[in-house]
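Quick notes on the structure that follows.
The values are calculated or read from the model by the stated rules, or taken from the named source; none is laboratory data. As the structure is a prediction and not an experimental result, all values here were calculated from the model. Counting neighbours? That spans all protein chains shown, and the Cβs are built from the backbone with ideal geometry, glycine included. These accessible areas exclude ligands, DNA and RNA; they are computed on the full protein's heavy atoms, side chains included. Shrake-Rupley method; radii C 1.70, N 1.55, O 1.52, S 1.80 Å.
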Amino acid sequence: QVDLVESGGGWVQPGGSLRLSCVASGRANASPGLAWFRQSQANEREFVAYIPWSGPNEEYADSVKDRFTVYRDIVKNTVYLEMNGLRSEDTAIYYCARRRSSSIGPSTVEGSYDAWGQGTQVTVSS
């Protein structure tokens, strides 16, 4: 079991940028990787991005491809989500999640994860 703490959210104008951080503790590196999900006022929680602790197999939702980039710092046990070209529809609470150690399910579904952070609010408006 790991503790996940997100930070970096805030308010930005359309076209602006934010970088979110997820600090993981409790042997987070034993997990295959971490993901970012988000939940807006009008939608259910949706997949944003996934990154393994090792290897080049990052994944992104179509809605954020070419705008968001997920990074990792294994020494700091931290995963980042760099968000550029933000739009109003990106407004949501962003969560990080730990992938189950034994999971063959897709990285895009909540059932593949067994630990979640409290979330950080991102608001994009003019």
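For the reader, a short list of remarks on this structure follows.
- Reported count of residues in the range 36-53, each being out of contact with any Gly (no Cβ under 6 Å at 6 or more places or on another chain), surrounded by 14 or more Cβ atoms within 10 Å (Cβ to Cβ) and among the aliphatic types (A, V, I, L, M), is 2.
- Within the range 93-106, tally of residues that are charged (D, E, K, R) and open to solvent by 70 Å² or more (accessible area, probe 1.4 Å): 1
- Near pairs, Cβ below 9 angstrom, 6+ apart or cross-chain, from the range 96-109 (over 21 Å from G26 (Cα atoms)) to any residue that is assigned to a loop (DSSP other than H, G, I, E, B) and open to solvent by less than 40 Å² (accessible area, probe 1.4 Å): T108/A61
- Every listed requirement among (1) open to solvent by 50 Å² or more (accessible area, probe 1.4 Å); (2) closer than 15 Å to A115 by Cα is met by P56 save one, (2).
- Whichever residue in the range 62-92 is outside any helix (DSSP H, G or I) and hydroxyl-bearing (S, T, Y) and, among such residues, is most open to solvent (accessible area, probe 1.4 Å): Y71
- The single residue among N57, N77 that is farther than 20 Å from T108 by Cβ and not β-branched (V, I, T) turns out to be N77.
- Among the residues examined, G33 does not qualify as over 28 Å from P14 (Cα atoms) and without any contact (Cβ under 8 Å) to a residue 24 or more places away in the chain.
- Scan of the range 110-126 for residues that are surrounded by 12 or more Cβ atoms within 10 Å (Cβ to Cβ) and either touching a Leu at 6+ places or on another chain (Cβ under 6 Å) or of a type outside the set (F, W, Y) (or both), ordered by number: E110, S112, D114, A115, G117, G119, T120, Q121, V122, T123, V124
- Output for the range 80-107, where each listed residue is of a type in the set (V, I, T) and modelled with pLDDT under 95: I104
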